Amino acid sequence: MARISLEHIRHAYLPHPVDDADYALKEVHLDWDDGGAYALLGPSGCGKTTLLNIVSGLLVPSHGRILFDGQDVTGLSTEKRNIAQVFQFPVVYDTMTVFDNLAFPLRNRDVAEAEVKRRVAETIEMLDLGAWANRKARGLTADQQQKISLGRGMVRNDVNAILFDEPLTVIDPHMKWQLRSQLKLLHKQFAHTMVYVTHDQTEALTFADKVVVMYEGEVVQVGTPEELFERPSHTFVGYFIGSPGMNLLPVRLEGTTAHLDGHAVALPDAVAVPQDARVELGIRPEYVTFDPAGLPVTVQKVEDIGREKIARVRLDAHDIAVVLDEGAEVPADPRIRLDPAAINIYANDWRVDWGI
Amino acid sequence: MGKTWNNRAWFMVLPVLIIVALNAIVPLMTVVNYSVQDTFGDNVFFFEGARWFREVMSSERFLSSLGRQFTFTAIILAIEIPLGVAVALAMPRRGFWASVCLVLMALPLLIPWNVVGAMWNIFALPDIGLLGYTINHMGIDYNFTNQPISAWVTVVLMDVWHWTSLVVLLAYAGLQSIDDAYYQAAHIDGASRWSVFRYIQLPKMKHVLTIAFLLRFMDSFMIFTEPFVLTGGGPGNTTTFLSIDLVKAALGEFNLGSAAAMSIIYFLMTLLVCWLFYTYTMKGEQK
């Protein structure tokens with residue numbers, strides 16, 4: 001287990017990158033604590049798998065260094081880095097039994113057979129695979145095979161980190177939940193450093209202590225699930241996390257007032273934004289309420305999603321989503337209020353801190 | 001489930017039945033017919049029962065061509081399958097050179113059999129052929145027209161040249177279907193090159209190799225044109241394989257009865273070996 005530091009990592013798949021657009025990873029500078037559970041969250045093509053492969057050593061970054069516990073491992077092969085990786089599709093050795101699959105990484109490292117037996121038995125116990133130990137891996141279900149992939153990492157008790165590349169993609173929904181909680185449990189028990197790549201916010205937020213949100217080859221925010229929800233530092237985070245995403249409204253600032261077309265919205269404090277910046281006010285639909293003293297809107301439609309309702313309303317030319325309790329009704333003269341405490345101001349997509 | 005029975009649907013199948021009957025069943029039955037009868041001409045036939053079969057099965061000539069046939073097939077399978085896999089493993093997995101290799105590999109397969117035979121005949125001639133001349137020039141006495149060993153070597157070499165590509169292409173297709181994640185996982189698990197082959201590549205190639213094996217078995221077991229053009233079955237009878245022998249019996253000597261019996265035995269053997277091999281390799285696949 002190790003602390004992983006990524007120092008100014010940049011990566012381009014092209015041999016001669018010219019400008020930023022050629023880089024799959026623009027610049028990533030991060031520290032992952034020993035024993036932490038991290039999620040890399042972002043849409044397809046944002047560079048999260050590239051970053052993961054750089055950590056595992058399958059890719060060598062064009063620029064930058066990777067340190068494990070302060071030691072430079074940038075040039076080391078995957079095998080020497082001593083990490084484990086679970087892939088999107090379960091990778092098992094079809095012709096081997098479950099037991100032999102788990103023993104494989106140990107036998108390759110010339111571990112004594114008695115020790116192999118002991119460690120594999122432990123891992124089988126841990127992953128609840130006892131009933132299948134002597135079955136061929138081929139015939140097992142996807143979730144069992146994925147457990148075997150994980151087990152091949154866990155069986156080596158000295159791994160520096162376990163990396164997951166969208167490991168639940170091919171798993172049935174009801175098994176997803178089970179596997180995820182088992183993973184969480186294993187993390188609590190053994191405190192491996194775990195990095196989990198996904199584009200599913202639920203997976204990321206439930207698995208990780210800290211979520212790294214990536215967008216177009218950049219890390220846009222690293223934070224706890226709560227931070228990502230309350231204080232998204234980039235409009236992309238606001239939009240990507242939460243369902244529906246954050247409302248973004250173009251505004252003009254004047255002291256502690258934001259002017260939204262003809263309407264004035266009170267802010268908790270003043271902020272300093274650069275001249276000519278594109279300024280937007282962001283607020284989560286959960287913090288928009290119907291209030292007779294608020295801004296007049298027209299209701300477009302109301303979606304009932306079970307536990308709550310989402311009202312799609314229009315304020316002049318702007319679409320706004322409002323989350324309502326299940327029992328609540330949209331008033332006859334709909335007016336909305338934006339909770340000042342939940343407002344964030346964005347200049348050119350990046351969040352600006354309060355105060356001047 | 002309420003299945004609809006509509007007997008008129010049979011009429012839809014009728015054209016296919018007629019075509020299959022005319023081009024497969026009727027000729028096959030003719031052979032069966034010949035195999036149990038004898039004739040002295042004038043289209044007069046006598047029923048002979050299993051006499052031809054008994055005669056063929058106990059004839060020295062049939063057994064020795066059968067022996068040559070199995071030897072030949074065993075030799076070319078033992079060379080072509082491992083060689084094909086080795087070549088496929090050595091080919092680049094993507095990019096420009098992968099395409100170049102594929103085209104080069106496909107070339108021998110596009111050449112008609114009799115041309116292959118003629119090509120090798122000229123190529124291997126000891127006096128004017130490039131190969132034959134070179135070998136003799138190196139001090140090795142080589143002449144496929146009158147030395148059994150030379151003839152065998154040439155026939156085997158020709159078949160390997162002609163057909164290894166097929167195994168290569170099939171094995172290559174099998175290798176291409178392996179996701180990169182398998183190699184990456186094996187790398188992480190610290191697997192050796194041999195382990196990667198043994199536990200990832202070979203199992204994933206199993207199906208295509210089964211097909212390659214069956215195709216090469218059937219084709220080589222029925223080989224006719226190439227050795228016929230190259231050696232004509234000689235010197236003596238040393239490269240007279242089953243099909244060459246069969247043609248000699250049927251068309252050369254007009255022994256219709258024994259040739260027909262031979263055809264049927266030949267056909268059943270091919271079928272049996274393929275069936276046994278297929279059932280054996282696919283056993284436990286469903287589990």
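The values are calculated or read from the model by the stated rules, or taken from the named source; none is laboratory data. Model, not experiment: these values are computed from the prediction. Counting neighbours? That spans all protein chains shown, and the Cβs are built from the backbone with ideal geometry, glycine included.
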Inset, instruction - Say whether the condition of being surrounded by fewer than 18 Cβ atoms within 10 Å (Cβ to Cβ), of a type outside the set (S, T, N, Q) and in a strand (DSSP E or B) is met by at least one residue in the range A:81-92. - result: no
Inset, instruction - Tally the residues that are farther than 20 Å from A:T198 by Cβ and of a type outside the set (G, A, S), restricting the search to the range A:149-166. - result: 7
Legend entry - Filter pass, A:D158 being within 14 Å of chain B (Cβ to nearest Cβ), farther than 27 Å from A:A12 by Cα, surrounded by fewer than 18 Cβ atoms within 10 Å (Cβ to Cβ) and out of contact with any Ser or Thr (no Cβ under 8 Å at 6 or more places or on another chain): yes
Inset, instruction - State yes or no: is A:L129 more than 10 Å from every other protein chain (Cβ to nearest Cβ) and either more than 24 Å from B:S195 (Cβ to Cβ) or in contact (Cβ under 8 Å) with a residue 24 or more places away in the chain (or both)? - result: yes
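Conditions (1) surrounded by 12 or more Cβ atoms within 10 Å (Cβ to Cβ); (2) in contact with a strand residue (DSSP E or B) (Cβ under 6 Å, 6 or more places away or on another chain), marked per residue:
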position: B:N33; (1), (2): yes, no
position: B:N43; (1), (2): no, no
position: B:E48; (1), (2): yes, yes
position: B:S58; (1), (2): no, no
position: B:Q69; (1), (2): yes, no
position: B:F72; (1), (2): yes, no
position: B:I75; (1), (2): yes, no
position: B:A86; (1), (2): yes, no
position: B:A90; (1), (2): no, no
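Each row is one residue, and each column tells you yes or no for (1) β-branched (V, I, T); (2) in contact with a helix residue (DSSP H, G or I) (Cβ under 9 Å, 6 or more places away or on another chain); (3) surrounded by fewer than 18 Cβ atoms within 10 Å (Cβ to Cβ).
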| residue | (1), (2), (3) |
| --- | --- |
| A:M194 | no, yes, no |
| A:Q201 | no, yes, no |
| A:A208 | no, yes, no |
| A:V211 | yes, yes, no |
| A:M214 | no, yes, no |
| A:V219 | yes, yes, no |
| A:L228 | no, yes, no |
| A:T235 | yes, no, no |
| A:I241 | yes, yes, no |
Inset, instruction - Sort out which residues of the range A:320-349 are assigned to a strand (DSSP E or B), within 27 Å of the chain's Cα centre (by Cα) and within 14 Å of A:L249 (Cα to Cα), and write them in order of number. - result: A:I320, A:A321, A:V322, A:N344, A:I345, A:Y346, A:A347
Inset, instruction - Starting from the range A:89-111, keep only residues that are at the interface with chain B (Cβ under 7 Å from one of its Cβ atoms), then list their pairs with residues that are among the hydroxyl-bearing types (S, T, Y) and outside any helix (DSSP H, G or I) whose Cβ atoms are within a distance under 9 Å, requiring at least 6 positions of separation or different chains. - result: A:F89/A:T169; A:F104/A:Y93; A:N108/B:S192
Legend entry - Count - residues of the range A:232-268 that are polar (S, T, N, Q) and farther than 30 Å from A:L40 by Cβ: 2
Inset, instruction - Residues being without any contact (Cβ under 8 Å) to a residue 12 or more places away in the chain and either within 19 Å of A:W354 (Cα to Cα) or in contact with a Phe, Trp or Tyr (Cβ under 7 Å, 6 or more places away or on another chain) (or both): count how many of those fall in the range A:207-243. - result: 2
Legend entry - Whichever residue in the range A:59-74 is without any contact (Cβ under 8 Å) to a residue 24 or more places away in the chain and either within 14 Å of another protein chain (Cβ to nearest Cβ) or not hydroxyl-bearing (S, T, Y) (or both) and, among such residues, is nearest to A:R109 (Cα to Cα): A:V73
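When you scan the range B:189-197, do you find a residue that is in contact with a Lys or Arg (Cβ under 8 Å, 6 or more places away or on another chain) and closer than 30 Å to A:A161 by Cα, even just one? Quick ask: steps written out before the conclusion?
Of all residues in the range B:189-197, those in contact with a Lys or Arg (Cβ under 8 Å, 6 or more places away or on another chain) come to B:189-190.
Now restrict to residues that are closer than 30 Å to A:A161 by Cα: B:189-190.
There is at least one residue in the range B:189-197 that is in contact with a Lys or Arg (Cβ under 8 Å, 6 or more places away or on another chain) and closer than 30 Å to A:A161 by Cα.
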Inset, instruction - Check off (1) under 24 Å from the mean Cα position of the chain (by Cα); (2) assigned by TED's automatic domain parsing to the domain that holds B:S165; (3) aliphatic (A, V, I, L, M) for B:V100 and give me the number that stays unchecked. - result: (1)
Legend entry - Some residue of the range B:89-96 being in a loop (DSSP other than H, G, I, E, B), at negative phi, among the hydrophobic types (A, V, I, L, M, F, W, C) and in contact with a Phe, Trp or Tyr (Cβ under 8 Å, 6 or more places away or on another chain): yes
Inset, instruction - Return only the number of the condition from (1) without any contact (Cβ under 8 Å) to a residue 60 or more places away in the chain; (2) among the small types (G, A, S); (3) within 14 Å of chain B (Cβ to nearest Cβ); (4) surrounded by 17 or more Cβ atoms within 10 Å (Cβ to Cβ) that A:S77 does not satisfy. - result: (4)
Inset, instruction - Kindly indicate whether any position in the range A:161-172 is surrounded by fewer than 22 Cβ atoms within 10 Å (Cβ to Cβ), within 13 Å of another protein chain (Cβ to nearest Cβ) and modelled with pLDDT under 85. - result: yes
Inset, instruction - Could you look through the range B:171-181, keep only residues that are touching a helix residue (DSSP H, G or I) at 6+ places or on another chain (Cβ under 8 Å) and not in a helix (DSSP H, G or I), and pick out the one that is nearest to the other protein chains (Cβ to nearest Cβ)? - result: B:I178
Inset, instruction - Name the helices (runs of 4 or more DSSP H) wholly inside the range B:1-73 in which the number of residues that are in contact with a Ser or Thr (Cβ under 8 Å, 6 or more places away or on another chain) is 2 or more. - result: B:26-35, B:51-58
Inset, instruction - Output the number of the condition that A:G242 fails; it satisfies all remaining conditions of (1) at positive phi; (2) in the same structural domain as A:D339 (by TED's automatic domain parsing). - result: (2)
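Condition check ((1) surrounded by 15 or more Cβ atoms within 10 Å (Cβ to Cβ); (2) among the polar types (S, T, N, Q)) across all residues:
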{"residue": "A:N247", "(1), (2)": "yes, yes"}
{"residue": "A:L260", "(1), (2)": "yes, no"}
{"residue": "A:R284", "(1), (2)": "yes, no"}
{"residue": "A:D291", "(1), (2)": "no, no"}
{"residue": "A:E303", "(1), (2)": "no, no"}
{"residue": "A:I310", "(1), (2)": "yes, no"}
{"residue": "A:V322", "(1), (2)": "yes, no"}
Inset, instruction - Those residues that are surrounded by 10 or more Cβ atoms within 10 Å (Cβ to Cβ), aliphatic (A, V, I, L, M) and more than 19 Å from B:E253 (Cα to Cα), I need them from the range B:15-31; list them, please. - result: B:L17, B:I18, B:I19, B:V20, B:A21, B:L22, B:A24, B:I25, B:V26, B:L28, B:M29
Inset, instruction - Pick out the one residue from B:Q201, B:Q184 that is closer than 30 Å to A:F104 by Cβ, in a helix (DSSP H, G or I), touching a residue at least 40 places away in the same chain (Cβ under 8 Å) and within 14 Å of chain A (Cβ to nearest Cβ). - result: B:Q201
